[in-house]
Number of protein chains: 2
Amino acid sequence: MDKARLIVADSETCADMLYACGFHAPDNFIYFAVDDDEYIVVSRLELSRAKNECHNHVQVLDIDSFFADKDEKRDMKALLLKITSQNPDYSWEVPQDFPLVYADFLRGNGVILNCCDDKFFPGRIEKNEAEVDHIKEAMVKTEMSMARAHQILSESEIQGDLTLIWNGATLTSEIIRAEIEVALVRVGAVPFATIVACGKHSAEPHNSGSGSIYANQPIVVDIFPKVSATGYWGDMTRTFVKGKAPDVVKKAYDAVKDARNKAKAYLKAGVTGTEAHAIAFDSLEQSGFKTGQENGIYHGFIHGLGHGVGLDIHEAPRVSPMNKSELNVGNVITVEPGLYYPEWGGIRLEDIGVIRDGLFDCFN
Amino acid sequence: MDKARLIVADSETCADMLYACGFHAPDNFIYFAVDDDEYIVVSRLELSRAKNECHNHVQVLDIDSFFADKDEKRDMKALLLKITSQNPDYSWEVPQDFPLVYADFLRGNGVILNCCDDKFFPGRIEKNEAEVDHIKEAMVKTEMSMARAHQILSESEIQGDLTLIWNGATLTSEIIRAEIEVALVRVGAVPFATIVACGKHSAEPHNSGSGSIYANQPIVVDIFPKVSATGYWGDMTRTFVKGKAPDVVKKAYDAVKDARNKAKAYLKAGVTGTEAHAIAFDSLEQSGFKTGQENGIYHGFIHGLGHGVGLDIHEAPRVSPMNKSELNVGNVITVEPGLYYPEWGGIRLEDIGVIRDGLFDCFN
């Protein structure tokens, strides 16, 4: 039996769908491939835009063209049945996140449908130069917004209670986040839950931060926007201190920087995610920063060293103990060791780059 | 066999997950419910934040607590097998968009897993007053950013070639979009693909718009941000003309306004989506605006009258010919008739409100 391929998803949140057709749409639609022909099937609402925007090698079909009878029920299930019935000699391969409701329905109607063993588009993990350029473009925007955060902290003044004054008001996480995101939307990038976490908030890697920013405490700024026009993401983290860093913070910062630099120097095609993570982990331990837990709260280096970035913000390959396979040329990954301690906060430094033949080609 | 319930998703893009636990997280995690107990299972990276942020009635479990053996493989499949094995006397109900890869895996290991017939959380469709307030809050932010677009158009000046000058430069879709999104991010709302579509671009309902804005042509502005803190969305569309509207545009605008007002007056609990759509459709036809197609391009009123809004931007109930069921008290829906003609562009007016016992309680 020949293999056909099928996706049901929107292309705003499903990177495979955007990769397949290049057409940005907020609601579920269908992509399918039979032999060498690729199609998307869209509603009349999207038809003309889809024809203009989708990849040249993908043909755009009108949902209405599948339903001769005006009064026929025309929901997603009915449409999927039409498409699979018109191609009866094929089994259908679908992505791992294919919605169960449609899989059960099609199988119940005798369609042979198989879930992909691994990635639906293995090519996504190894970026071509055009994709590398899209991610570099995202990083230029990201760095520009990081510079804005730096500028605000530089301009701010420390008060007697160690809060900061900027632009006539007490400086907060919310104000810095808004200024970062203003810089991003002005250049066509969509910001998501930008992290500006001060002091104890920074001890939780994904705490967005809220309230006053204080002098002499770490301020973790993690910015990860999506460029609207291309769908590719940037991702960058810096840690600042306004005023004077306490000794432990300074020591932790130096340890993280050292771990990051060692990992970057070690990375190249052929290194596994596990190995790269271990370089950073061991470096942090050697600097005196242990990982463990106390009363159910973890401290130290409590996440993986990095992750792939592309049309998803977190995608393969992971750079962590979970990934025992080798990194390959074209993998775009973050390198972001961090240290987190409930007593004083966190430090994280995150760069991004592409794996080349004997090196890690860092974008920033 | 008793029923347990299970979700595997992130809560940034999966509204069911956010509804279930109230915890915002960008990566896949697990929610499950056994008898009256509800749990989420998260990694050490998220553990302390999850404990602080998730609903009181949901208990937070540590992934590591499921794996006694340090060297045991600990991916999502292994974790799901642990959870289902610890509750052997249950069948598992999952949402319609449950990832096929985990369904096939669990079933292959003897777990009884059933896809939900309809909504996983039927309560999501009928908003309580706290949810209504969250959506009203989103609409206040949305309206404020719409006022910014209006202000820019008012301040702009028409040039001899019918382009507009604002703030010393030629006014474009990109500039107005950036100004709208700046206003949104300053108040903690995330903008997505905001539409500022002029002239022929506005003939495609989801065309974001690009390039110069022109006098005497329709400018469709559709703004739909998500409030970061709550996850609830706003949605609003207005159509502007700078200068003088051509007769057909003026007539179409009046027809759409009339259709919107008739639909809003007609809407109440007990009306079906089909009926509400027909009120607007018939009104537009009576005003002389026909729906049809020419050379494969559709024109007229080419989408549904509206859609539910909540933790998803497009959710149940649809207000369209596809939905033959009755609207109920607590449904928050948009009312957004539109007219689209490739020759001159489009008009869309979109309000949002909640279905009450006897009326449509519009928020704007």
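Couple of notes before you dig in:
- Hits in the stretch B:336-364 (condition: under 17 Å from residue B:277 (Cα atoms), of a type outside the set (A, V, I, L, M, F, W, C) and open to solvent by less than 10 Å² (accessible area, probe 1.4 Å)): B:337, B:338, B:340, B:348, B:350, B:351, B:353
- When the stretch A:273-304 is filtered for residues that are more than 16 Å from residue A:257 (Cβ to Cβ), away from chain B (no Cβ under 13 Å) and out of contact with any strand residue (DSSP E or B) (no Cβ under 7 Å at 6 or more places or on another chain), the ones remaining, listed by number, are A:275, A:278.
- The listed residues are A:34, A:60, and the only one of them that is within 11 Å of another protein chain (Cβ to nearest Cβ), more than 29 Å from residue B:27 (Cβ to Cβ), touching a Phe, Trp or Tyr at 6+ places or on another chain (Cβ under 9 Å) and open to solvent by less than 70 Å² (accessible area, probe 1.4 Å) turns out to be A:60.
- Flag if residue A:214 is open to solvent by 40 Å² or more (accessible area, probe 1.4 Å), touching a helix residue (DSSP H, G or I) at 6+ places or on another chain (Cβ under 7 Å) and away from every other protein chain (no Cβ under 11 Å): yes
- Failed condition for residue A:112, given (1) touching a residue at least 24 places away in the same chain (Cβ under 8 Å); (2) over 18 Å from residue A:350 (Cα atoms); (3) within 14 Å of chain B (Cβ to nearest Cβ); (4) in contact with a helix residue (DSSP H, G or I) (Cβ under 7 Å, 6 or more places away or on another chain): (4)
- Flag if residue B:308 is farther than 21 Å from residue B:252 by Cα, open to solvent by less than 10 Å² (accessible area, probe 1.4 Å) and either within 10 Å of another protein chain (Cβ to nearest Cβ) or within 24 Å of the chain's Cα centre (by Cα) (or both): yes
- Considering residues of the stretch B:342-364 that are small (Gly, Ala, Ser) and part of a strand (DSSP E or B) only, the residue farthest from residue B:126 (Cα to Cα): B:345
- Tally of residues being within 19 Å of residue B:178 (Cβ to Cβ), within 14 Å of another protein chain (Cβ to nearest Cβ) and without any contact (Cβ under 8 Å) to a residue 40 or more places away in the chain across the stretch A:140-180: 4
- Residue within the stretch B:43-55 that is assigned to a loop (DSSP other than H, G, I, E, B), at pLDDT below 95, more than 21 Å from residue B:23 (Cβ to Cβ) and over 31 Å from the mean Cα position of the chain (by Cα) present: no
- Residue check for residue A:27: under 30 Å from residue B:8 (Cβ atoms), touching a Cys at 6+ places or on another chain (Cβ under 8 Å) and open to solvent by 40 Å² or more (accessible area, probe 1.4 Å): no
- Summed over the stretch A:279-295, residues that are open to solvent by less than 40 Å² (accessible area, probe 1.4 Å) and not hydroxyl-bearing (Ser, Thr, Tyr) total 4.
The values are calculated or read from the model by the stated rules, or taken from the named source; none is laboratory data. Every value quoted in this text rests on a predicted model; they were computed, and no experiment measured them. Ideal geometry is used to build each Cβ from the backbone, glycine not excepted, and the neighbour counts take in all protein chains shown. These accessible areas exclude ligands, DNA and RNA; they are computed on the full protein's heavy atoms, side chains included. Shrake-Rupley method; radii C 1.70, N 1.55, O 1.52, S 1.80 Å.
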